[in-house]
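I have placed the structure first, in the form of C-alpha cells, so that the comments after it can refer back to it.
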Amino acid sequence: MTGREDGVGREFWRVSLEDLAEAMETRQSEYGNPDEPLKFKIYRGLPRRPLTTRLPAELSPVDAFDESALSTLLHYGYGISRQEFDTNGTWPYHRMVASARCLFGVQLYVCLADGAYHYDAPHHALVRLREGDHRGLLTRATGTGGPVPQAVFVLSGLFSKTAYIYRDYAYRLCTQEAGLVAGNLDLVARAMGLRAHVHHQFLDEPVDKLLGLDGDEEPALLVLPLHLAEAGTDTGIGNGTGTGPTGRPVAETAAALAATIEAIEPPVVPSGLRIPQACPMLTKVNRASLRTDTTSFTTAVPVAPAVSDAEPRPLPTTEVPEPGLAAVLRARDSGPGIFRPVASRGDGVELWARLARIRTGIVSDAVPAGAPAPLEIYLTVGDLTGIPAGAYRLAPETGALHPVARARTRVHATAAADDAGLDAVTAIERVTIPGPVFTHMNAIVHLVGDRDWAFDTFGDRGYRVINQEAGLLAHRVCVAAAAQGMSGRVVNAYHAEGVRAALGLTEQRHTPVFQILLARTGPGGRVIVPVEPEAVE
C-alpha cells in the first residue's frame with residue numbers, strides 16, 4: 001500500500017455508498033424535465049464510416065481484425081439490442097449491457113490505424129474525429145510498451161446523460177457502467193480470439209485531448225487495448241501491472257504527451273446540464289482523480305474479508321452447458337420496470353459453477369500480474385435447487401461456498417438485518433429501498449470491495465477503480481444469469497451497513513459495491529422488439 005492521504009474520494013464514497021439518504025437528496029425523480037439530454041451523442045458534419053450489418057449469429061475466433069471483426073465486436077460489445085415502445089419515451093433503447101434507467105452515459109471511442117472514431121450505436125457507424133494512427137500514443141498514456149494493439153477502445157463518462165436525474169450520484173453510475181461496458185467488450189473480444197487489457201491508470205489530459213473531450217463534462221474513464229491472441233507477451237496482455245517489458249511503467253508525463261497532440265473541437269450538438277455548475281461534488285472528485293505522471297501508477301492486492309468457522313460446501317463436479325455468448329447477450333435483460341420474479345426454481349449448482357469462474361481471466365492494471373479480480377462474491381440463495389437457502393461467500397481459490405454468520409449491527413430503528421426469524425433474502429429486502437419484489441427471488445449477488453485498498457493504493461482515483469472493477473464482474477454475473485433464463489437487476493438503493501451485517505462483514509473497509517437481483521421475470525406489459533442485424537453464415 002502507498003499510504004495516500006484521505007481526500008474527496010473517500011468523502012464521496014461515504015455519501016454515495018454509506019449514506020443512501022444523502023446520496024439521493026438532489027436526485028430528480030421525473031423524466032422530461034428541462035435538463036433532459038438527447039438519447040444519443042450527435043456529431044454534425046464529420047466523416048462517417050458505416051459498418052456492415054451482415055454479422056454472425058454466434059461468435060467465433062477470427063484470423064484478422066478486419067472490417068467484419070470490428071463491426072461484430074462493436075455490435076455485440078455496445079450495440080443496440082432491442083427497442084421498447086410503451087415506456088412514454090423514458091427508456092426506449094436497450095443495449096448489450098445494463099444501464100441505470102437506460103440512460104447510457106458511457107460513450108465508446110475506438111482508435112484504429114487510420115483514425116480516432118466515436119461509435120454511433122443507433123446507426124451502427126463510426127464518426128471520425130481525427131485522422132492518423134494514434135494507437136501508440138494511447139499505449140504511451142497507459143505507461144505500457146510492446147507491439148501496437150489492433151485497436152484501442154476508450155470509454156468516457158458523458159455525465160449529463162445520467163446527471164439530469166441523479167446529479168452528483170451520476171459519478172457512481174457512470175464509473176459502474178464503464179466497468180459493465182468494458183466487461184462486455186472483454187467477453188466478446190475473448191470469444192473472437194482477441195485479448196483485452198483493462199487500464200484504469202492512464203494520463204487523462206492527452207487521452208481527453210486526443211478525442212476532443214472536455215474533462216469536466218465527459219472525461220475518459222478507461223482505456224482498453226485489443227490484441228490478437230497470438231500477440232507477444234510484452235504488450236501488457238499477460239501483465240496486470242500496466243508496465244513495459246522491464247516490469248516498470250514507461251515514464252511519461254501528461255503535459256509532455258499532450259503537447260504532441262493538436263487540439264480539436266468536434267462539432268457536437270449541445271445537450272443537457274453543464275456539469276461543473278450542476279454537479280459540484282461530482283466535478284470535485286473527478287478532478288481529484290486525474291493522473292499527470294505514469295511513475296505514480298501502482299498496484300496492490302486487497303485485504304479479503306474473514307471467513308466464518310462454518311463448514312464450507314465444496315463446489316460439485318458438474319458439467320455446465322455453455323450457450324453461445326451472442327445468444328446470451330441478445331437474451332440478457334434487467335427485467336421490467338418493477339422487478340417482479342415469477343415462481344420458478346433455478347438450478348443453483350449451475351449458477352454456482354458459473355459464478356465460481358467469473359473472477360478469472362480479466363487482465364487489469366488494478367492488481368499485480370496473476371491476481372484475480374479484486375472483489376469478493378457473496379451469494380444469497382432463495383429459490384435455487386442444489387444449495388440450501390442462506391448467505392454464502394464464494395471462495396475464489398476453490399469455488400466453495402462458505403456460510404456467513406450475520407453480524408450484530410442494527411441499521412436503524414425499524415429495520416435490522418439481524419432480526420430473529422428473518423431468512424437471508426428477507427434480511428437483504430429489509431435494507432433495500434422498496435421497489436423490487438423479493439418474493440420468489442432466485443438469488444442475490446453482492447460484489448464486496450476493499451475500500452481502504454482502493455484509496456490507499458490509487459488515492460482519489462480509487463473511487464473510479466473499484467467501481468469499474470465491480471462493473472467488470474457485475475456484467476459477468478448478469479451474463480451467467482441470462483445463460484439460465486434469469487434477469488439480472490442491478491439495485492444500488494440499499495443501506496450498506498445493513499447489507500454488511502446481513503453478509504457477516506465485520507470491518508467497515510469491506511463494502512458491498514454492487515447488489516444484483518437474479519430471478520425469472522415476466523414481460524411486465526412491455527412491448528419489446530429485438531434489433532437483429534442481417535445474419536451471415
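Each of 127, 194, 228 was placed along the dipole of the chain (beta-carbon charges, centred on the mean Cα), and the one lying farthest toward the positive end is 127. Counting only other residues whose beta carbon sits under 12 Å from that of residue 72, what net charge do I get with K and R as +1, D and E as -1? It works out to a net charge of -2. For the chain, the share of DSSP beta bridges that are antiparallel, to the nearest 5, is 90%. Taking amide hydrogens as placed 1.01 Å from N in the peptide plane, the amide H of residue 93 sits under 5 Å from those of 84, each at least 5 positions away in sequence or on another chain.
Shown in residue order for segment 307-324 are the 3J(HN,Hα) couplings computed by the Karplus curve 6.51 cos²θ - 1.76 cosθ + 1.60 at θ = phi - 60°: 9, 5, 7, 5, 5, x, 9, x, 5, x, 7, 8, 7, 9, x, 10, x, x Hz (x for Gly and Pro).
Each helix, a run of at least 4 DSSP H residues, gives -39500 (n - 2.57); summed and divided by the residues of the chain, these come to -7500 deg cm²/dmol at 222 nm.
Rolled with a 1.4 Å probe across the full set of protein chains, the surface gives residue 214 an accessible area near 80 Å². From the alpha carbon centroid of segment 333-391 to that of segment 282-324 is 14 Å.
Put a plus charge on the Cβ of each Lys and Arg, a minus charge on the Cβ of each Asp and Glu, and nothing anywhere else: the dipole of segment 118-173 about its Cα centre is then about 140 debye.
Summing charges over neighbours of residue 269, with a neighbour being any other residue whose Cβ is under 12 Å away from its Cβ, gives +3 when K and R count +1 and D and E count -1. Taking the square roots of five times each eigenvalue of the Cα gyration tensor of the chain, the equivalent ellipsoid has semi-axes of 34, 26, 24 Å, listed largest first.
Atom-type composition of the exposed protein surface of the chain places 52 percent of the accessible area on carbon and sulfur (1.4 angstrom probe). Highest mean first, the peptides 374-382, 112-120 sorted by other C-beta atoms within 10 Å per residue fall in the order 374-382, 112-120. Computed from the C-beta positions of residue 66 and residue 264 and an R0 of 30 Å, the FRET efficiency is 0.65 to the nearest 0.05. Quote the charge dipole size of the chain about the Cα centre in Debye, to the nearest 20; the model charges only the Cβ of Lys and Arg (+1) and of Asp and Glu (-1). Here the size comes out at about 560 debye. In the full protein context, the chain carries 37 Å² of accessible surface per residue, based on a 1.4 Å probe and ignoring ligands, DNA and RNA.
A cut-off under 9 angstrom between Cβ atoms defines the neighbours of residue 503, and their net charge, with Lys, Arg +1 and Asp, Glu -1, is +3.
The values are calculated or read from the model by the stated rules, or taken from the named source; none is laboratory data. As the structure is a computational prediction, the values presented were derived from the model and not from experiment. When we count neighbours, we look across all protein chains shown, and the Cβ atoms used for this are built from the backbone with ideal geometry, even at glycine. All accessible areas refer to the heavy atoms of the entire protein, side chains included, with ligands and DNA or RNA removed. Shrake-Rupley method; radii C 1.70, N 1.55, O 1.52, S 1.80 Å.
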